1. Only Cα pairs under 8 Å and at least 6 apart count here; give the relative contact order of the chain as a rounded whole percent.
2. Could you tell me the calculated FRET efficiency between Lys10 and Ser197, based on Cβ-Cβ distance and R0 = 35 angstrom, to the nearest 0.05?
3. In nm, to one decimal, how far is the Asp80 label point from the Glu160 one, both placed 7 Å along Cα→Cβ?
4. Among Ala30, Tyr44, Ser197, whose Cα sits farthest toward the positive end of the charge dipole of the chain (+1 at Cβ of Lys/Arg, -1 at Cβ of Asp/Glu, about the Cα centre)?
5. Please list the non-local residues whose amide H lies under 5 Å from the amide H of Lys186, H modeled 1.01 Å from N, same-chain partners needing a gap of 5 or more.
6. Excluding residues fewer than 8 places away in the same chain, name every one of the lysines whose C-alpha is closer than 20 Å to that of Lys7.
7. Evaluate the charge dipole of the range 57-216 about its Cα centre and quote only its size in Debye, nearest 20, assuming +1 on the Cβ of each Lys and Arg and -1 on the Cβ of each Asp and Glu.
8. Just to be sure I understand the curve: with the Debye formula and one point per C-alpha of the range 87-132, what is log10 I(q)/I(0) at q = 0.19 Å⁻¹?
Amino acid sequence: MKLDFEKLRKEMVEQQIKNRGIEDEKVLNAFREVPREEFVEENYKSSSYDDGALPIGAGQTISQPYIVALMIDSLNLKPDEKVLEIGTGSGYAAAVLSRIVEEVYTIETIETLAQKAVKRFARLEYDNIEVKIGDGTLGWEENAPYDGIVVSAAAPHVPEALIKQLSDKGRIIIPVGERGGVQRLKVIKKDEEGKISEENLDYVRFVPLRGENGYR
Ligand code: SAH
């Protein structure tokens, strides 16, 4: 039987995202647009719209749709803003971000995953996403400052470089906590005077952020 991905996608947005309190139409429309089935491996395609994370190879996962939505929604993004994502993985979160803002930069340490993501963006003609292979805990200086930064892996603490590369009024969403355990999603905000504030959201479980300012 051929699956109706369009229908599954619409149901996913209604049931898993909208019904759980995400109201921003820009965010909902982005999830209505991006074909999640294009970001999972062949043998998991039928599970693309399940309410959970899925393996994407190299021991990594594509995050649960609701968690991606919660993280993106928490940044209150505007169309003319610039976003950096750490942990490209399949490229799904970056793809959703690219439907909301003008420019998306994303960094992945695992070369094979980064290369696959680049191919997916090309196939879908998402041409406002730039991918770099490297250590995202150091940020991406050349394109800074960023209005929003999404960290898609569990961090021991907020990497200093990311705070430095944030614009005035910039926001970071990041899961902070124990490796292999639960983490707390945190929103870090910089105000016009450069003052930093922190807010706690849900508890989550992410794969570890590696690198210089991650888990070594
Ligand atoms: N956003 C992804 C999910 C990523 S899972 C998606 O939508 O599919 C987390 C990813 O972070 C993994 O692919 C992992 O390899 C990557 N990662 C871990 N540490 C990193 C680092 N220091 N810099 C960049 N990527 C990192």
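Values quoted throughout were computed directly from the atomic coordinates according to the rules given, and no laboratory measurement underlies them. Quantities reported herein were computed from a predicted structural model and do not represent experimental measurements. Cβ placement follows ideal geometry from the backbone for every residue including glycine, while neighbour counts extend to all protein chains displayed.
1. About 15 percent, as a whole number.
2. 0.45
3. So the label points at Asp80 and Glu160 sit 3.4 nm apart.
4. Tyr44
5. Amide H neighbours of Lys186: Ile174, Val176, Leu201.
6. Within the straight-line limit of under 20 Å, Lys7 reaches these lysines: Lys18, Lys26, Lys45.
7. That gives a dipole near 620 debye.
8. Log-scaled intensity ratios, in q order: -0.46.
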